[in-house]
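The values are calculated or read from the model by the stated rules, or taken from the named source; none is laboratory data. Note that the coordinates shown come from a computational prediction; the quantities given were computed from them, not determined experimentally. Heads up, the Cβs are rebuilt from the backbone with ideal geometry, glycines too, and the neighbour counts pull from every protein chain shown. Protein only, heavy atoms only, side chains kept; ligands, DNA and RNA dropped before computing areas. Shrake-Rupley method; radii C 1.70, N 1.55, O 1.52, S 1.80 Å.
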Amino acid sequence: MPPAKKRTRSYDPAKIRAAVLAQFGNVRAAAAGLTPEQLSRPTRLGDWSVRDLVAHIGMSLAAVSRLTGLPEPAKQDGTLLDWPAAIVADAPAIAAHARESAESHPDPAARLAAVEERFTADLAAHPGTRLLATSAGALPLADYLVTRTVELVVHTDDLNAALPGLDIPYDRQALAACTRLLADALAAKAPGGSTEVRVPPYAVVQCVAGPRHTRGTPPNVVETDPLTWIRLATGRLAWAEALQDAKVGASGERADLSALLPLMA
């Protein structure tokens, strides 16, 4: 008998919209207090400065405004889980655009405020079913907004790493959606039921081909916290380093995820 098909995870559109606005608001508030010296500091993202990173965060919402301004595709031909892989191919263009945006908007806080105002207006003008022509194919606006939680949470972490003590908070719903999408992307990349990946309190997925677990404690278990999982999934943290520092627990012969990570880099 073939294994039951896994149900696609659903997200509450109202909660996702609120989470995106909340996390963007957290970044905008922090950016308003950054000094020129802080904005010029390096980040862990290659040659990006903090100013470039802040500009890129603004682009995460500006992308919604740009896409809603394009003609609507005739039908949906992409899925939410197509997005993590698709965005990797766009990385060079995204980096170049971030630098251009940083140079053309010398006041980062004002730029973020303007982006947020436009974004809020676009959300009011378009239903969640409105299709957008994204790099992952045509996706409903409601699904594309879930990807914005990944952009915002991941880059909030990048900002906090670049400026120790900044401590931008994470909106709980944004952190949850980001964690779940990246966990589901792992399960899609390595389908199976031999390994259980736990990221409490937000996500549990089964993945990796092999003997399927049916009851009791699975023979192969990986467990970590949300931010560690996000760093692993996006290449901010290496699997071996996470194991060495006891940031991830892995038991069983199929619990080594090093060949599957990062999902985005």
Response to the item:
Note, residue 43: beta-carbon cut-off 13 Å, +1 each Lys/Arg, -1 each Asp/Glu, net +1
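Could you give the length gained on full extension between residue 88 and residue 37, defined as 0.36 nm per residue of separation minus the Cα-Cα distance, in nm? Intermediate results must be reported in sequence, preceding the final value.
On the way: separation 51, 0.36 × 51 = 18.36 nm, distance 3.03 nm.
Going from the current span to full extension adds 15.3 nm.
Can you work out the FRET efficiency for the pair residue 76 and residue 243, with r the C-beta to C-beta distance and R0 = 45 Å, to the nearest 0.05?
Details: r = 39 Å, r/R0 = 0.88.
Taking R0 as 45 Å, the efficiency between residue 76 and residue 243 is 0.70.
Where the convex hull is taken over the Cα atoms of region 145-265, what is its projected area averaged over directions, in nm²? The partial results should precede the final answer.
On the way: hull surface 30.2 nm².
For the Cα atoms of region 145-265, the hull's average projected area reads 7.6 nm².
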Worksheet, complete the sentence: Measure of exposure for residue 103: accessible area at 1.4 Å probe, Å² rounded to 10, is 150 Å²
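Using Cα-Cα distances under 8 Å and only pairs 6 or more residues apart, what relative contact order does the chain have, in percent?
Working: 396 pairs, mean separation 51.0, N = 265.
Result for the chain is 19 percent.
Can you give me the relative contact order of region 110-168 as a percent, contacts being Cα pairs under 8 Å and 6 or more apart?
So the answer I get is 17 percent.
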Worksheet item: For residue 256 and residue 99 in the same chain, what is the full-extension length gain: residue separation times 0.36 nm, less their Cα-Cα distance, in nm?
Response: 52.8 nm
Worksheet item: With all protein chains present, how much of the accessible area of the chain (probe radius 1.4 Å) comes from carbon and sulfur, to the nearest whole percent?
Response: 55 percent
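May I ask for the net charge around residue 235, where only other residues with Cβ less than 13 Å from the Cβ of residue 235 are counted and Lys, Arg are +1 while Asp, Glu are -1? Don't jump to the answer; show the numbers that get you there.
Numbers: positive: 44, 231, 236; negative: 157, 158, 241.
Counting the neighbours of residue 235, the net charge comes to 0.
Taking only protein heavy atoms and a 1.4 Å probe, what accessible area per residue, in Å², does region 76-220 have with all protein chains in place? Let's see the in-between values first.
Working: 6080 Å² over 145 residues.
It amounts to 42 Å² per residue over region 76-220.
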Practice prompt. Heavy atoms only, probe 1.4 angstrom, no DNA, RNA or ligands counted: give me 56, 105 ranked by accessible area, highest first.
Written response: 105, 56
Worksheet entry | Over region 1-109, volume per residue of the alpha carbon convex hull, in Å³ | 165 Å³
Discussion item. Averaged across orientations, what area in nm² does the convex hull of the alpha carbons in region 41-97 project?
Written reply: 4.9 nm²
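For residue 225 and residue 118, FRET efficiency with R0 = 51 Å and r from the beta-carbon atoms, rounded to 0.05? Numbers along the way, then the final one.
Details: r = 35 Å, r/R0 = 0.68.
According to the calculation, E is roughly 0.90.
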Response to the item:
The ³J(HN,Hα) series, computed from each phi in region 107-117 with the Karplus coefficients 6.51, -1.76 and 1.60 at θ = phi - 60°, rounded to the nearest Hz and given as x for glycine or proline, is 9, x, 5, 5, 5, 5, 5, 5, 4, 5, 4
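Give me the extension gain from residue 166 to residue 66: residue separation times 0.36 nm, minus the current Cα-Cα distance, reported in nm with one decimal. If you can, show how the numbers build up before the last one.
On the way: separation 100, 0.36 × 100 = 36.00 nm, distance 3.01 nm.
Difference between extended and current length: 33.0 nm.
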Worksheet item: Could you give the semi-axes, largest first, of the ellipsoid that matches region 126-193, computed as the square roots of 5 times the alpha carbon gyration tensor eigenvalues and rounded to whole Å?
Response: 25, 18, 11
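Would you kindly calculate the mean projected area, averaged across all directions, of the convex hull enclosing the Cα atoms of the chain, in square nanometres? Each step should come with its number before you reach the end.
On the way: hull surface 59.5 nm².
Averaged projected area of the chain's Cα convex hull equals 14.9 nm².
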Item to complete: Be a star and scan region 71-87 for residues whose amide nitrogen sits under 13 Å from the point 7 Å along the Cα-to-Cβ vector of residue 138.
Response: 71-79
